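The values are calculated or read from the model by the stated rules, or taken from the named source; none is laboratory data. Everything numeric in this text was worked out from a predicted model, so none of it was measured. Because the Cβ atoms are built from the backbone with ideal geometry, glycine has one as well, and the counts that use them run over all protein chains shown.
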């Protein structure tokens, strides 16, 4: 038994070297083969989750684009069906004359109709208009109502009325500050 034990311990340096070589080969195989594969797999899994997230984002954006395209089509349809067509600011004199005629029809005495400086914008221009004169309060209300019905492109900014007692019927002095929304000069040339 002593002989067997002695023989076993006699070869231990070779066994230790062999075990070391096996351990080194295993470590090298892990570092050069298995570790990169594990790292690549983790990177692949991360990229797959990123791709999934991007696909979901893409689907959401496609749905938003579809909704916006539907809204745009509805707005374009409503615009094409709308009777409102903006006139250019170069037609200011004819618009002021039409407003004067409407005021006369409503029994208002117009003292002054004065356009202001045109304020340019990307989709429309704003032409301020100041209208002053005299007339009965119901006539002023009728004028504003008919103005809005006939010219939906004109809006009121400020309305001032003051009463003057002349004769049997009280007369109101008025000053209307209006804005006329006109087509921009760039679009008028198209």
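Here are the numbers for the structure shown:
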| quantity | calculated |
| --- | --- |
| Test: residue in segment 63-86 that is surrounded by 10 or more Cβ atoms within 10 Å (Cβ to Cβ), under 31 Å from the mean Cα position of the chain (by Cα), modelled with pLDDT under 80 and more than 30 Å from residue 173 (Cβ to Cβ) | yes |
| Any hit, segment 158-167, residues being within 38 Å of the chain's Cα centre (by Cα) and within 19 Å of residue 89 (Cβ to Cβ) | no |
| Out of 110, 118, sole residue that is within 22 Å of residue 184 (Cβ to Cβ), touching a helix residue (DSSP H, G or I) at 6+ places or on another chain (Cβ under 7 Å) and either surrounded by fewer than 10 Cβ atoms within 10 Å (Cβ to Cβ) or assigned by TED's automatic domain parsing to the domain that holds residue 183 (or both) | 118 |
| Residue list for segment 140-171, restricted to those being modelled with pLDDT of 80 or more, in a strand (DSSP E or B), touching a helix residue (DSSP H, G or I) at 6+ places or on another chain (Cβ under 9 Å) and closer than 17 Å to residue 111 by Cβ | 159, 161 |
